[in-house]
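Trainee: Would you mind keeping the following structure in view while I ask a few things?
Rule-based calculations on the coordinates, nothing more; no lab input. This structure is a prediction, so every number in the text was calculated from the model and none was measured.
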Amino acid sequence: MKSGNDAILKTVAAGAFFVVNVFALYLLLRGHNLPGGGFIAGLATAASLVLLLLAYGVEGKDRVLPVEPLTLAASGVLLAIGSCVAPVLFGHPFLEQFNTYVQVPILGEIPLGTPLAFDSGVFLLVVGITTQLVGTLARSTLAGRALSPEEQKRYASTVESPIEDDAPAGLDAPPQTPDR
């Protein structure tokens, strides 16, 4: 998305990004004991990234989240699976919870353990998938390609040609593959 000269939107988006992510951290930390958790915290963080995308464009969102979104999602899946399998490695049942409590000055007593690791994995998965989806949709609305040339090589099928017309002037178009 092209970024405009709307100073008010950019200022509000930057402030809201901070506030929403502090609230998302709160939701993540209380999730395994009270309502909240990795899914809703991930949606809140993804919403803050969408707000940055609207205010600053795709490039602004990419500056805040320099990690490939699908890499973030894959690491979330691995973290969630690891927290489920870790008890088995120590002779305990699958998904058994282990907690320790840490006293944090402002937040008070916080439980750290396998439920928080699982929720953190879900958080990373939701942020990664949602950010990738919204970024792809945003790029496709710019009369360009939904996938960049690097993403085209990484995610698209090699036996089919893209359904999009050639990219507008100035954008790199991925090589066309012949139809069979």
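Trainee: Which whole-number percent gives the relative contact order of the range 1-60, counting Cα pairs below 8 Å spaced six or more residues apart?
Mentor: Values: 60 pairs, mean separation 28.8, N = 60.
It comes to 48 percent, rounded to a whole number.
Trainee: Ok, one more. Non-local amide H neighbours of residue 112 (under 5 Å, H modeled in plane, Pro and chain starts lacking H): which ones?
Mentor: Residues meeting the criterion, in which the H sits 1.01 Å from N, are 100, 101, 102.
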